[in-house]
1. Looking at R291, R285, can you tell me which residue is without any contact (Cβ under 8 Å) to a residue 40 or more places away in the chain and more than 17 Å from R116 (Cα to Cα)?
2. Here are some conditions: (1) under 22 Å from the mean Cα position of the chain (by Cα); (2) surrounded by fewer than 17 Cβ atoms within 10 Å (Cβ to Cβ). V256 meets all but one. Which one does it not meet?
3. From the set of residues in the range 78-135 that are more than 15 Å from the chain's Cα centre (by Cα) and of a type in the set (K, R), which is modelled with the lowest pLDDT?
4. Please determine whether any residue of the range 4-24 is touching a Pro at 6+ places or on another chain (Cβ under 8 Å) and among the polar types (S, T, N, Q).
5. R154 versus (1) modelled with pLDDT of 90 or more; (2) exposed (fewer than 15 other Cβ atoms within 10 Å of the Cβ); (3) assigned to a loop (DSSP other than H, G, I, E, B): which is the lone unmet condition?
Amino acid sequence: MDKPPLDGWAMVICNPVSGAGRGLTILKNVRRTLDHAGVTYMHEVSSARGEVARLARAAVLSGCSTVIVIGGDGSFFEAVNGVIGPLDLETAGRGLATHDIALGLVQAGRGSDFGRSAGVPSDVAAACARLVAERTTLFDLGHVSYRSFDGEDRQRFFANAAGLGFDAEVSLRANAGSRMLGSTIPYLSSLLRTLLSYHNKNMEISLDGGQSWHARANSFVVANGQYFGGGMKIAPDASLADGIFDITMLGDLGKVDLVRNVPRVYDGSHVSHPKVTTARARTVRVDSAERVLLQADGEVLGLAPAQFTIIPAALKMII
């Protein structure tokens, strides 16, 4: 039987600028909860991009049993990759990714789509209560190999969703914007501004090693969870624990048609649009002769070509 996740000691990592600066206030609430429950823990506050991953990795190497993240999708993305560290895809696929380490999340970010998909309470008190209740479940993780902006082959793990094309261009603009207006408003504002100059991309796609097929697409989304973009239900039938990706391709949509159908993405009804294609696969390959940006969990990583692989039951999560 697995030990309770807080049986050892926990590392609490706070992104202080997440949630329009609410991170430090939430940290006080988390510490109060852990103190009351008699949990042994340390806490750190990140100060730069990439530091959550470094702090998580250092805690794992020092023997912690749990990493608790206060932040949004970007912070959780860093923590996942920090906990897993340099494990290759084959090692992670044998179920060794994070099973000795549990991850917890208290949402504070402007975009907490993984939290929505996973059922993490948005209420801070309720989320803190979940931490000390110590119930865990196993979720799948995504793995993506891709081309970095400096031309190197790289790889990352992601918890929620990755996207190529317009979606990644919007994420690039949204990440450079203000953090003071929550998640939905910055994403929609970035979507409209990006739309002015964006052109759909030619992509070559292969699912589960099958014959590749050509598509001209606005966006190609590989989803583990249901939500992205600050509450958009991009993959309404997705599950974090079914061992398979849900793919949503927005095809050769024109600008007016795209804007007209944005509200449908919030309730998932966009999947009935004739230019939207859905599929399910365990591996996905996307190539393009054009410059096609890639994002994973809202973090813009690099460019196509990209290879995606689902890793079943690889993430041990307090939920």
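The values are calculated or read from the model by the stated rules, or taken from the named source; none is laboratory data. Keep in mind that this is a model prediction, so the values were computed, not measured. Methodologically, a virtual Cβ is constructed for each residue, glycine included, from the backbone with ideal geometry; neighbour enumeration extends over all protein chains shown.
1. R291
2. Failed condition: (1).
3. R94
4. Looking only at the range 4-24, we keep the residues that are touching a Pro at 6+ places or on another chain (Cβ under 8 Å), and these are 23-24.
Still in the running and among the polar types (S, T, N, Q): none.
Looking through the range 4-24, none of the residues is touching a Pro at 6+ places or on another chain (Cβ under 8 Å) and among the polar types (S, T, N, Q).
5. Every listed condition holds for R154 apart from (3).
Conditions (1) over 25 Å from G142 (Cβ atoms); (2) part of a helix (DSSP H, G or I); (3) charged (D, E, K, R); (4) free of Cβ contacts under 8 Å to residues at least 24 places away in the same chain, marked per residue:
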| site | (1), (2), (3), (4) |
| --- | --- |
| A20 | yes, yes, no, no |
| L24 | yes, yes, no, yes |
| R31 | yes, yes, yes, yes |
| L34 | yes, yes, no, no |
| A79 | no, yes, no, no |
| G82 | no, yes, no, no |
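Rundown of residues vs (1) at pLDDT 95 or above; (2) surrounded by fewer than 19 Cβ atoms within 10 Å (Cβ to Cβ), yes/no style:
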| residue | (1), (2) |
| --- | --- |
| D2 | no, yes |
| D7 | no, yes |
| C14 | yes, no |
| A20 | no, yes |
| G23 | no, no |
| N29 | yes, yes |
| V39 | yes, no |
| V45 | yes, yes |
| A59 | yes, no |
